Amino acid sequence: MSLVDLATSIEGMTLRNPVLTSSGTYGFGEEYAAYCPVEALGGITLKGITPQPRLGNSVPRLAETPAGLLNSVGLENPGLEEFLKSYLPKVRKLPTAVIANISGFSLEDYVEMARALQRDSGLAALEVNISCPNVKHGGMHFGTDPKSAEEVIAAVKVETNLPIIAKLSPNVTDIVGMAQAVQRGGADAVSLINTLLGMRIDIDQQRPVLANTFGGLSGPAILPVAVRMVWQVSQAIDLPIIGMGGITTWQDAVEFLLAGATAVSVGTGNFVNPQAPLEIIQGIENYCEKKGLASVRELVGLAHKGLVT
Amino acid sequence: MLTEGQVVGHECFGDEAQRLRRLVLKGPIAKSAKPGQFVAIQVQDSRVSSFDPLLRRPISLAQISPDQDEITLLYRIQGRGTEILARVRYGESLSVMGPLGKGFSLPEVGELWLVAGGIGIFPLYALAKSALAQGLRVRLFWGGENQSFLESAGLSQWQALGVQMHLSTLDGSLGQKGLVTEELQARLSQLLEQTKQVGQSSTGQINVATCGPARMMQAVTKLCLEFKVPVEVSLEERMGCAVGACLGCICTLTDERGTLIHKKICQDGPVFRGEEVVWDVSC
């Protein structure tokens, strides 16, 4: 039995450990069941849903980059109604904290989905995606203008009794300003970071690789950007941060915790190693033990104090 | 499942100029794998861990040997990932996810016609072995660039299977000069004539399975629909997770009502019924 307490909590959501999986990389929670038991995870974040079903963008949707991956899936999802009917009854039974992720094209879209998803739905929290880079006006507008971000968070907050996590885009000049805005709007936590906008060109075809031209960059390549943003935001707001962006190993996860994240989330790392979340949980535990920490919560933001012994 | 596959064979397959490799991995995957399924291999030098390339490489199963606990993968070196994979040596191990996806369905009786374009031949070899073991008659239509390619990509192994073959090459150096679909069309027409002569209304118990370039499979599907022969196609697309979680490798199909839908090639496929596929979106 471990001497380290791995449990953590995010404003009304209790997690058995601080390791989650990221929206868009973990389907609706069942796809990885054969590789990684969900009951071992702190929680999972479901594929983003929109009020209406969406087929998303054309293929190619993926382009590999050095230690990274560009994607332009374009929010393909079954829509709110089908989610409630066919997916929610299954995911609510999963023995882990299940976080739904919602995206919209207007304030009304977000409000409609928040209204439909309440605590009695069996979900642990609602992640509000105001940062999808792959859809025209796919929430990105809400994620790059502080005033709009504050408004959309405030609007969903009054509609649901679930904790609200604002997922922020790194494609902004001032990430701190955005984080402060969603705090003012009433967010209970922030997820940092979504993907970085990028593109690649096929030099034989002399055309963009992705059918959608641009895509969101994820994977180890973006980790330093994400760690920096978590570091800055943790100094500026009081909300818990779910740190993500390129986490593939336990060492990566520990960096985020030290930078000020209360929990971490594994996304593209699952594609590389479907057991990465398990190895990360174990690695964090071993690290805490080695450093003489009784709880993983003691790690949060420790690098700011320069006190790691 | 996620396993460590031990490399028990890794060598140049055919003429070096064709850049083909044969990789044999030992592990439990062979016991549960079916023809048409694939594995996702972590491509990295096992001695130095690296995230470049980041993603696993999906490779189809060319041979499944449950008795030896071995799977054989044939691939062509055509990018950074396969360049690195090609350096993996005997005795080393590779992280393997699989068997993944849904494979070809094997008809219970009759004839199975295989139509391959280029290295699309590789997964069809495992299928031919299973079909023959089940007592089906197998016929191969295979088109490639030239004689050197066909000989390098396993022609002698196919000859050893004793199946009837219709070869075609673009330059005419072996078999018929032209496209594999021309051979298929000729043979289907001939068969239809024969069945008409004996008073039957259809070409009987023939099933087609095809793998190759999308345009070729589209043409094969069109022919099969024309001749009312069931056809299965094996699709390909850049993959992310390989388990249906990321929606990177979707294809467009039509459902029973004619509505356009997306399916995941990695999880719902890679094998689909030809008539379901909306080719002009998928390729």
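Among the residues here, A:Thr160 does not qualify as under 13 Å from the mean Cα position of the chain (by Cα) and of a type in the set (S, T, N, Q).
Considering (1) touching a Pro at 6+ places or on another chain (Cβ under 8 Å); (2) charged (D, E, K, R); (3) over 18 Å from A:Asn129 (Cα atoms), the lone condition that A:Asp188 does not fulfil carries the number (3).
Checking each residue in segment B:5-56 for being within 14 Å of another protein chain (Cβ to nearest Cβ), under 22 Å from A:Thr268 (Cβ atoms) and not in a loop (DSSP other than H, G, I, E, B) picks out B:Val39, B:Ala40, B:Ile41. Charged (D, E, K, R), over 17 Å from B:Leu184 (Cβ atoms) and at pLDDT below 95: does that describe B:Arg76? It is false that B:Arg76 is charged (D, E, K, R), over 17 Å from B:Leu184 (Cβ atoms) and at pLDDT below 95. Candidates B:Gln267, B:Gln218: the one that is under 17 Å from the mean Cα position of the chain (by Cα) and under 16 Å from B:Leu114 (Cα atoms) is B:Gln218.
Based on what the data block shows, is B:Thr181 at pLDDT 95 or above and either surrounded by fewer than 16 Cβ atoms within 10 Å (Cβ to Cβ) or under 17 Å from the mean Cα position of the chain (by Cα) (or both)? It is true that B:Thr181 is at pLDDT 95 or above and either surrounded by fewer than 16 Cβ atoms within 10 Å (Cβ to Cβ) or under 17 Å from the mean Cα position of the chain (by Cα) (or both). Can you confirm whether segment A:177-194 contains a residue that is surrounded by fewer than 24 Cβ atoms within 10 Å (Cβ to Cβ) and farther than 30 Å from A:Ala116 by Cβ? Yes, segment A:177-194 contains a residue that is surrounded by fewer than 24 Cβ atoms within 10 Å (Cβ to Cβ) and farther than 30 Å from A:Ala116 by Cβ. State whether the residues of segment B:47-69 include one that is farther than 30 Å from B:Gln134 by Cα, of a type in the set (A, V, I, L, M, F, W, C) and surrounded by fewer than 23 Cβ atoms within 10 Å (Cβ to Cβ). Within segment B:47-69 (the criterion being farther than 30 Å from B:Gln134 by Cα, of a type in the set (A, V, I, L, M, F, W, C) and surrounded by fewer than 23 Cβ atoms within 10 Å (Cβ to Cβ)), the answer is yes, since at least one residue qualifies. Evaluating A:Thr173 against the criteria (1) part of a loop (DSSP other than H, G, I, E, B); (2) in contact with an Asp or Glu (Cβ under 9 Å, 6 or more places away or on another chain) leaves one unmet condition, (2).
Tell me whether segment A:249-264 contains one or more residues that are of a type in the set (Asp, Glu) and more than 26 Å from A:Gln232 (Cα to Cα). Show your work before the answer.
First, the residues of segment A:249-264 that are of a type in the set (Asp, Glu): A:252, A:255.
Pick out the ones that are also more than 26 Å from A:Gln232 (Cα to Cα) and you get none.
No; the residues of segment A:249-264 include none that is of a type in the set (Asp, Glu) and more than 26 Å from A:Gln232 (Cα to Cα).
Here the strands (runs of 3 or more DSSP E) wholly within segment A:1-94 that include at least 2 residues being touching a residue at least 60 places away in the same chain (Cβ under 8 Å) and within 14 Å of chain B (Cβ to nearest Cβ) are A:62-65, A:68-71.
Here is the figure for segment B:74-95: residues that are within 14 Å of another protein chain (Cβ to nearest Cβ), within 13 Å of B:Gly5 (Cβ to Cβ) and surrounded by fewer than 22 Cβ atoms within 10 Å (Cβ to Cβ) total 1. Of everything listed in (1) within 14 Å of chain A (Cβ to nearest Cβ); (2) modelled with pLDDT of 95 or more, the single unmet condition for B:Leu260 is (2). Among the residues of segment B:148-178, what is the count of those that are over 24 Å from B:Ser130 (Cα atoms), aliphatic (A, V, I, L, M) and surrounded by fewer than 17 Cβ atoms within 10 Å (Cβ to Cβ)? Of the residues in segment B:148-178, 1 are over 24 Å from B:Ser130 (Cα atoms), aliphatic (A, V, I, L, M) and surrounded by fewer than 17 Cβ atoms within 10 Å (Cβ to Cβ).
Within segment A:1-60, restricting attention to residues that are acidic (Asp, Glu) and touching a strand residue (DSSP E or B) at 6+ places or on another chain (Cβ under 8 Å), which residue is farthest from A:Thr248 (Cα to Cα)?
Looking at the filtered set, the residue picked out is A:Glu11.
Within segment B:173-184, residues that are assigned to a loop (DSSP other than H, G, I, E, B) sit with their Cβ atoms under 7 Å from residues that are of a type in the set (Gly, Ala, Ser), at 6+ positions apart or across chains, in these pairs: B:Gly175/B:Ser168; B:Gly178/B:Ser168; B:Leu179/B:Gly143; B:Leu179/B:Ser168. Looking only at residues in segment B:270-283 that are under 20 Å from the mean Cα position of the chain (by Cα) and among the acidic types (Asp, Glu), which one is farthest from the other protein chains (Cβ to nearest Cβ)? Filtering segment B:270-283 for residues that are under 20 Å from the mean Cα position of the chain (by Cα) and among the acidic types (Asp, Glu), the one farthest from the other protein chains (Cβ to nearest Cβ) comes out as B:Glu275. Just so you know, in segment B:96-127 the residues that are β-branched (Val, Ile, Thr) and in contact with a Lys or Arg (Cβ under 9 Å, 6 or more places away or on another chain) include one that is surrounded by the most Cβ atoms within 10 Å (Cβ to Cβ), and it is B:Val96.
Scanning segment A:113-122 for residues that are over 11 Å from A:Leu84 (Cβ atoms) and either buried (at least 18 other Cβ atoms within 10 Å of the Cβ) or free of Cβ contacts under 8 Å to residues at least 12 places away in the same chain (or both) returns A:Ala114, A:Asp120. Scanning segment B:231-250 for residues that are hydrophobic (A, V, I, L, M, F, W, C) and in contact (Cβ under 8 Å) with a residue 12 or more places away in the chain turns up B:Val231, B:Val233, B:Leu235, B:Met239, B:Cys241, B:Ala242, B:Val243, B:Leu247, B:Cys249, B:Ile250. A single member of A:Gln282, A:Gln251, A:Gln232 is surrounded by fewer than 22 Cβ atoms within 10 Å (Cβ to Cβ), in contact with a Gly (Cβ under 8 Å, 6 or more places away or on another chain) and without any contact (Cβ under 8 Å) to a residue 60 or more places away in the chain, and it is A:Gln251. Taking into account only those residues within segment A:128-155 that are of a type in the set (Gly, Ala, Ser) and in a helix (DSSP H, G or I), which is modelled with the lowest pLDDT? So the residue we want is A:Gly143.
Within the option set B:Arg56, B:Arg80, B:Arg22, being basic (Lys, Arg) and free of Cβ contacts under 8 Å to residues at least 40 places away in the same chain holds for one residue only, B:Arg80. Total residues in segment B:193-246 satisfying the condition of being at pLDDT 90 or above and more than 14 Å from chain A (Cβ to nearest Cβ): the figure is 28. Evaluate segment A:149-164: report whether one residue or more is under 20 Å from A:Ser106 (Cα atoms), out of contact with any helix residue (DSSP H, G or I) (no Cβ under 6 Å at 6 or more places or on another chain) and buried (at least 24 other Cβ atoms within 10 Å of the Cβ). The answer is no, given that none of the residues of segment A:149-164 is under 20 Å from A:Ser106 (Cα atoms), out of contact with any helix residue (DSSP H, G or I) (no Cβ under 6 Å at 6 or more places or on another chain) and buried (at least 24 other Cβ atoms within 10 Å of the Cβ).
The values are calculated or read from the model by the stated rules, or taken from the named source; none is laboratory data. What you are looking at is a predicted structure, and each value in this text was computed from that prediction instead of being measured. With ideal geometry, Cβ positions are generated from the backbone for all residues, glycine too; neighbour counts draw on all protein chains shown.
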